[in-house]
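The values are calculated or read from the model by the stated rules, or taken from the named source; none is laboratory data. The model shown is predicted, which means the values in this text are computed figures rather than measured ones. Neighbour counts run over all protein chains shown; Cβ positions are idealised from the backbone, glycine included. Each accessible area value is taken on the protein alone, full model and side chains, heavy atoms only, with ligands, DNA and RNA left out. Shrake-Rupley method; radii C 1.70, N 1.55, O 1.52, S 1.80 Å.
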Amino acid sequence: MTSATVSPVTERATAFVADRRPVAEALGADLAELTGDPAAFAGALRDGLVHLSDPEYLEGQRRVAPGIGDVLGVRWPLIEAVKRGFRQATRRERTSTWLFVADRLLREPEKEMRWFSFGLLERLIGDEPERTWQLVRRASREAGEWITVDSLAHVVGKGVLAEPYRWAELEQLVYSPSRWERRLVGSTIATTPFIDRRRGREPLVAEHGLALIGQLIGDDAPDVQKALSWALRSLTLVDLAAVTDFCEQQAERAAESSDGHRAWVIRDALPKLDDATASRLRTRLDGIRRRPGAPATSEAAEAAARFGGGMLGRPMPEPPLT
């Protein structure tokens with residue numbers, strides 16, 4: 001088999017998506033007529049997604065995201081096609097009524113319903129930021145696997161770029177007892193340079209991003225560690241020198257304390273640094289590995305432990321969406 005050979009599984013998936021893409025886009029266009037009736041919107045979306053589902057893909061989802069919960073098994077390009085059909089049909093419409101549609105979809109058990117709602121939130125976060133952030137906070141609290149978290153990161157990143165003081169939203173999450181909320185910090189930083197290739201690559205993004213990674217690096221959750229290394233790799237597009245300096249400092253700290261959690265994140269980010277630096281840091285971290293059961297060493301974990309009896313890291317109740 002050569003590198004150009006397409007596997008039967010890939011061929012089937014490509015054909016499946018191509019065959020159903022027009023149906024998915026038509027579903028999105030039809031949903032545009034139901035934005036004034038959240039219950040009808042949710043029902044029509046669910047019925048349409050059921051017809052777009054693929055049992056083979058459903059099995060794969062449960063394998064790559066254990067504990068994902070209720071899913072229909074709709075391939076991601078088809079979910080995007082539904083969003084695209086809806087977006088094209090609503091280009092000139094006001095988004096004010098969409099908040100209640102998004103609120104309803106976030107209460108549905110099927111993950112695909114929530115993932116579709118993130119497309120609504122991406123448009124709403126510029127028009128109705130305060131109330132949209134209420135829904136974003138709820139979605140982050142309820143997230144229980146990486147697919148949802150990394151999808152939500154697009155919404156959070158767009159909101160942060162629109163209103164830079166919203167970096168404070170992420171600063172609160174570094175102390176969260178939920179590893180998925182802590183992962184959202186890393187995945188948002190990783191995604192931001194690609195949301196807007198101008199604003200997402202301004203120096204402020206690297207400044208805030210590295211500060212947040214600095215608080216979380218040493219986290220003992222592999223799901224968080226993966227997001228942090230992803231974030232560092234993405235930030236090399238924003239400020240390579242700053243990322244390099246950060247990695248050098250953290251590698252030295254990991255080597256001095258045999259910190260396997262910290263070392264893993266830096267080691268995983270090395271492919272985006274220059275070859276000489278990567279080789280030097282790889283040698284410095286040689287032999288330092290994660291140890292099962294080793295506690296977190298991050299600054300955020302230490303702060304949360306100091307205030308374990310207080311409100312640090314605990315979500316504040318949200319007012320009703322009105």
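Does ALA276 satisfy the condition of being in a helix (DSSP H, G or I), open to solvent by 30 Å² or more (accessible area, probe 1.4 Å) and at pLDDT below 95? Taking the combined requirement at face value, the residue does not satisfy it.
Let's see how each residue does on (1) assigned to a helix (DSSP H, G or I); (2) more than 15 Å from ARG46 (Cα to Cα); (3) open to solvent by 30 Å² or more (accessible area, probe 1.4 Å); (4) of a type in the set (Val, Ile, Thr):
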site: THR95; (1), (2), (3), (4): no, yes, no, yes
site: TRP115; (1), (2), (3), (4): yes, no, no, no
site: LEU121; (1), (2), (3), (4): yes, yes, no, no
site: TRP133; (1), (2), (3), (4): yes, yes, no, no
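For THR236, are the conditions met, namely being crowded, with 17+ Cβ neighbours inside 10 Å and touching a His at 6+ places or on another chain (Cβ under 7 Å)? Spelling it out, it is not the case that THR236 is crowded, with 17+ Cβ neighbours inside 10 Å and touching a His at 6+ places or on another chain (Cβ under 7 Å). Taken as a whole, the condition of being at pLDDT 95 or above, part of a helix (DSSP H, G or I) and of a type in the set (Asp, Glu) does not apply to ASP219. What about ARG84, is it open to solvent by 60 Å² or more (accessible area, probe 1.4 Å), in contact with a helix residue (DSSP H, G or I) (Cβ under 7 Å, 6 or more places away or on another chain) and assigned to a helix (DSSP H, G or I)? Yes: the conditions hold for ARG84. I'd like to check something: does region 132-148 contain any residue that is at pLDDT 95 or above and touching a Ser or Thr at 6+ places or on another chain (Cβ under 6 Å)? No, the conditions are met nowhere in region 132-148.
Across region 159-193, the number of residues qualifying as assigned to a helix (DSSP H, G or I), open to solvent by 40 Å² or more (accessible area, probe 1.4 Å) and within 22 Å of GLU145 (Cα to Cα) comes to 3. Taken as a whole, the structure places TRP146 among residues that are open to solvent by 30 Å² or more (accessible area, probe 1.4 Å) and among the aromatic types (Phe, Trp, Tyr).
Only one of the numbered conditions (1) more than 25 Å from SER257 (Cα to Cα); (2) in contact (Cβ under 8 Å) with a residue 40 or more places away in the chain is violated by ILE217, and that is (1). Scanning region 74-102 for residues that are of a type outside the set (A, V, I, L, M, F, W, C) and either under 19 Å from the mean Cα position of the chain (by Cα) or modelled with pLDDT under 95 (or both) turns up ARG75, PRO77, GLU80, LYS83, ARG91, ARG92, GLU93, ARG94, THR95, SER96, THR97.
Each residue in region 34-55 was checked for being more than 23 Å from ALA15 (Cα to Cα) and either assigned to a loop (DSSP other than H, G, I, E, B) or in contact with a helix residue (DSSP H, G or I) (Cβ under 8 Å, 6 or more places away or on another chain) (or both), and 10 pass. For region 32-51, the count of residues that are in contact with a Phe, Trp or Tyr (Cβ under 8 Å, 6 or more places away or on another chain) and surrounded by fewer than 19 Cβ atoms within 10 Å (Cβ to Cβ) is nonzero. Checked against (1) open to solvent by 20 Å² or more (accessible area, probe 1.4 Å); (2) in a helix (DSSP H, G or I); (3) modelled with pLDDT of 95 or more, ALA304 passes all but a single condition, namely (3). Scanning region 56-74 for residues that are out of contact with any Pro (no Cβ under 9 Å at 6 or more places or on another chain) and assigned to a loop (DSSP other than H, G, I, E, B) yields ALA65, PRO66, GLY67, ILE68, VAL71, LEU72, VAL74. Of all the numbered requirements in (1) open to solvent by 10 Å² or more (accessible area, probe 1.4 Å); (2) of a type in the set (Val, Ile, Thr); (3) without any contact (Cβ under 8 Å) to a residue 40 or more places away in the chain, VAL243 misses one, and that requirement is (1).
What about ARG253, is it among the charged types (D, E, K, R), open to solvent by less than 10 Å² (accessible area, probe 1.4 Å) and touching a Lys or Arg at 6+ places or on another chain (Cβ under 9 Å)? Answer is no for this residue. Selection within region 52-67: residues that are buried (at least 17 other Cβ atoms within 10 Å of the Cβ) and not polar (S, T, N, Q). The member of this set that is nearest to LEU34 (Cα to Cα) is LEU52.
Starting from residues that are more than 19 Å from LEU184 (Cα to Cα) and not hydrophobic (A, V, I, L, M, F, W, C), keep the ones in region 104-113 and report whichever is most open to solvent (accessible area, probe 1.4 Å).
Among those that are more than 19 Å from LEU184 (Cα to Cα) and not hydrophobic (A, V, I, L, M, F, W, C), it is ARG107.
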